[in-house]
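The values are calculated or read from the model by the stated rules, or taken from the named source; none is laboratory data. Model, not experiment: these values are computed from the prediction. Neighbour counts run over all protein chains shown; Cβ positions are idealised from the backbone, glycine included.
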């Protein structure tokens, strides 16, 4: 019987929550790195037992830790991600490593990291040493692409959603909050924006009626793990889908969400065997932007038709006065036959569904503020 | 000997040791003290000083009773150096 582990990064350390394929009983283990800010805690699907963790701190600088024994022991990167001096003399400093992505299956020692402030880094030695992807970080237009620090999240602008196309190891995509979505077809040497069709209503409209090419605020970008042409992203300005086989212009599928709920949120996940099935967790993006469950009634919304329609899924959740925030790394799916869907809240609650979102059960209720959830499955 | 006092935030590097003595040939700067500490406890320097040699925002360093923000500050053989986790966070 398989073993399923949820790797949970929080503002105060990391936890591992384990179950078997039945997913009826969960065992909570931890904390590890108690007190550290763990933005992302990721298993390597290429090498069972290998995990990587972004470790920050309220006081200390950022680092990355690696385990090769399912988290039993950890070693620190000898050269964590760090900026060199920019060509124009700007000296940026990595505040925290926000995102970690394993490389292509054909490159088992390669990892990517996204940082705050925005930077892209790559390790070719399983996370021990990290180098800048200079084609991105030192791109002549980089400081035009990204918004200023005022356009970042409250704890700093992020580079997130680093994706390595499973069908092409040289095809990379990423999101910048803010800055937009960018992609490279040559392993990071050159980049182009991929934001056509995406609203940017926090900027004034252009006088000539054209769209902004970059500067957008994608919150979370995903590519289907089997169908590389199928992309989705949850944006500050709505929910979008893109079928690359039909063009390069994003369609706002969030227009098909109930109007009273809206299409603002942070995370989005896709069914690993069905590119038309996605889940999102909408949050209130009106008025003061509370970023909490609309009307205090948390719900996941699922689409089975690529975003043409959405179904509310809230069975098991509180029905009132539950003002949840779910951050962009805080939804995950497990790949089991009856797909498990998981979400973690900023008030430390971890919920799971073993019936593809139809009903939800609490798994852990008293963790610190949850920053990320990833799934590690072993036979 | 330079006496160095370390904060609890660095316990993982020092195995809990909070105080030690260093000897720098012909004196040196605070940067030399940090480099010597990193030789003893690999990885520590980057946690308290950023990639451009700046003391991190929520770390304070004292030479004697004076809080300094610049690693070029000279450190004399009998000086007391203290690294402090700033009173921040929640």
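Which residue out of A:97, A:164 is closer than 22 Å to residue A:57 by Cβ, crowded, with 20+ Cβ neighbours inside 10 Å and modelled with pLDDT of 95 or more?
Values: A:164 fails: closer than 22 Å to residue A:57 by Cβ.
It is A:97.
So which residues in segment A:316-334 are more than 23 Å from residue A:239 (Cα to Cα) and in contact with a strand residue (DSSP E or B) (Cβ under 6 Å, 6 or more places away or on another chain)?
Within segment A:316-334, just A:316 meets the criteria.
Identify all residues within segment A:278-302 that are in contact (Cβ under 8 Å) with a residue 40 or more places away in the chain and surrounded by fewer than 22 Cβ atoms within 10 Å (Cβ to Cβ); write none if there are none.
Listed by number, the residues that qualify are A:285, A:302.
Scan segment A:16-35 and give yes if some residue there is assigned to a strand (DSSP E or B), closer than 17 Å to residue A:332 by Cα and within 17 Å of the chain's Cα centre (by Cα), otherwise no.
no
Restricting segment A:72-102 to residues that are under 21 Å from residue A:373 (Cβ atoms) and in a loop (DSSP other than H, G, I, E, B), which is nearest to the other protein chains (Cβ to nearest Cβ)?
A:74
Taking residue B:30, is it modelled with pLDDT of 95 or more, over 21 Å from residue A:96 (Cα atoms) and within 14 Å of chain A (Cβ to nearest Cβ)? Break it down into steps so the answer makes sense when it comes.
Details: modelled with pLDDT of 95 or more: yes; over 21 Å from residue A:96 (Cα atoms): yes; within 14 Å of chain A (Cβ to nearest Cβ): no.
The answer is no for residue B:30.
Within segment A:306-315, track down each residue that is in contact with a strand residue (DSSP E or B) (Cβ under 8 Å, 6 or more places away or on another chain) and part of a loop (DSSP other than H, G, I, E, B).
Selection gives A:306, A:307, A:309, A:310, A:314.
Restricting to segment A:123-172, name every residue that is assigned to a helix (DSSP H, G or I) and closer than 12 Å to residue A:191 by Cα.
A:134, A:135, A:136, A:137, A:142, A:145
Inspect all residues belonging to segment B:4-27 and state whether any of them is under 12 Å from the mean Cα position of the chain (by Cα), part of a loop (DSSP other than H, G, I, E, B) and at the interface with chain A (Cβ under 9 Å from one of its Cβ atoms).
Scanning segment B:4-27, I find at least one residue that is under 12 Å from the mean Cα position of the chain (by Cα), part of a loop (DSSP other than H, G, I, E, B) and at the interface with chain A (Cβ under 9 Å from one of its Cβ atoms), so the answer is yes.
Mind telling me which of the residues B:71, B:40, B:24 ends up being touching a helix residue (DSSP H, G or I) at 6+ places or on another chain (Cβ under 9 Å) and at pLDDT below 95?
B:24 is the lone residue from the list that is touching a helix residue (DSSP H, G or I) at 6+ places or on another chain (Cβ under 9 Å) and at pLDDT below 95.
Among (1) over 25 Å from residue A:91 (Cα atoms); (2) surrounded by 13 or more Cβ atoms within 10 Å (Cβ to Cβ), which single condition is residue B:16 missing?
(2)
Could you tell me which numbered condition residue B:75 fails, if it satisfies all but one of (1) more than 14 Å from chain A (Cβ to nearest Cβ); (2) over 12 Å from the mean Cα position of the chain (by Cα); (3) surrounded by 18 or more Cβ atoms within 10 Å (Cβ to Cβ)?
Residue B:75 satisfies every listed condition except (2).
Residue check: is residue A:231 without any contact (Cβ under 8 Å) to a residue 60 or more places away in the chain, within 15 Å of the chain's Cα centre (by Cα) and farther than 19 Å from residue A:153 by Cβ?
Values: without any contact (Cβ under 8 Å) to a residue 60 or more places away in the chain: yes; within 15 Å of the chain's Cα centre (by Cα): yes; farther than 19 Å from residue A:153 by Cβ: yes.
The answer is yes for residue A:231.
Checking the structure you have, find out if any residue of segment B:81-90 is more than 9 Å from every other protein chain (Cβ to nearest Cβ), more than 12 Å from the chain's Cα centre (by Cα) and within 14 Å of residue B:5 (Cβ to Cβ).
no
I'm trying to understand the selection: among the residues of segment A:100-127, which are over 20 Å from the mean Cα position of the chain (by Cα) and either surrounded by fewer than 17 Cβ atoms within 10 Å (Cβ to Cβ) or modelled with pLDDT under 95 (or both)?
Passing the criteria: A:106, A:107, A:108, A:109, A:124, A:125.
In segment A:177-194, how many residues are assigned to a loop (DSSP other than H, G, I, E, B) and crowded, with 24+ Cβ neighbours inside 10 Å?
2
Taking the residues in segment B:33-71 that are surrounded by fewer than 16 Cβ atoms within 10 Å (Cβ to Cβ) and assigned to a strand (DSSP E or B) as candidates, determine which candidate is farthest from the other protein chains (Cβ to nearest Cβ).
Per the stated criteria, the residue is B:66.
May I ask you to list the residues in segment A:236-277 that are part of a loop (DSSP other than H, G, I, E, B), over 20 Å from the mean Cα position of the chain (by Cα) and in contact (Cβ under 8 Å) with a residue 40 or more places away in the chain?
Correct list: A:248, A:249, A:257, A:258, A:261.
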